[in-house]
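Asker: The structure follows.
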Amino acid sequence: MEIVGFLAPWLLIGLAVIFISFSGGPGRARENYLTRGSGAFAVIIVLVYIGIGVAIPAVVIASRGTREGNSSTLAQKTLRDSSGDIQKGKVLFSESCAACHNLDAVNARGVTGPDLDKIGKVTPGRILSAIKIGGTGQKRMPANLLQGTNAKAVADFVSATAGK
C-alpha cells in the first residue's frame, strides 16, 4: 500500500507532463485548458483522476484485513484472568507507562523507554524488577513508580501481552 501512496503523486505529475507535451508546450497547454481544447483528452484526464481517487482508497481499505498489533483490535481485547489483575494492569500501564514505552497491546508509542514488544523474553519477575529499581538502573525511569499489587498487575499485563 505504501508503494501506491508513493507512486500516485508521481503518476499525476507524469500525466501533467504528458498533457503539456501533447498540447504543444506550456503556453498551448494553458490555452487548451482554458478554452476546453480537445474533448477526448479532457474526458480521459477526468476518468484517470476519478480512477485514482477511487482505486487508492479501495486498495487501502482492502489491505487492512483483520490484523492485530498496531490496531485497535488488540487494544480492545479483554484479557482474562481469575483475579482481574491483568485488566487492572492494562489501565495502570496506560496511565503510568505508556508515555515512555511502546506496547502494541495498548497502542502505546512512548519515546524514551524501550519497546516492550522487542526486548526479548518478558516475565513478571523481570518487569517487577525493572519497576522496583527503575528500568535497568540507569536512572532514566523512576524507581518504585508503582508499588505492591499495582506493580504486580502491570507486570502480569506486560508479560501477558508484550511481543504477542
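Asker: Just to confirm a number: summing +1 for Lys and Arg and -1 for Asp and Glu over residues other than Lys132 whose beta-carbon lies under 14 angstrom from that of Lys132, what do you get? Walk me through the numbers before you get to the answer.
Answerer: Values: positive: Arg126, Lys139, Lys152; negative: none.
Neighbour charge sum, excluding Lys132 itself: +3.
Asker: Separate question: With a Förster radius of 22 Å, plug the Cβ-Cβ distance of Gln87 and Gln147 into 1/(1 + (r/R0)^6) and report the FRET value to the nearest 0.05.
Answerer: On the way: r = 19 Å, r/R0 = 0.86.
Efficiency, from the Cβ-Cβ distance: 0.70.
Asker: Could you work out the local net charge near Lys152, counting Lys and Arg as +1, Asp and Glu as -1, over the other residues with Cβ closer than 10 Å to its Cβ? Mind showing how you got there, number by number?
Answerer: Values: positive: Lys88; negative: Asp85, Asp156.
With Lys, Arg at +1 and Asp, Glu at -1, the neighbours total -1.
Asker: A follow-up question, please. Go through the stretch 102-157 and name the trypsin sites (Lys or Arg not before Pro) that are in a DSSP coil and have 11 or fewer other Cβ atoms within 10 Å of their Cβ. Provide the component values of the computation, followed by the final result.
Answerer: Values: sites: Arg109, Lys118, Lys121, Arg126, Lys132, Lys139, Arg140, Lys152; in loops: Lys121, Lys139, Arg140.
Passing both the DSSP loop test and the Cβ count: Lys121, Lys139.
Here, each number is a calculation from the coordinates, and none is a lab measurement. Because the structure is predicted, anything quoted here is derived from the model rather than measured. Neighbour counts are summed over all protein chains in view; Cβ atoms, including those assigned to glycine, are modelled from backbone coordinates with ideal geometry.
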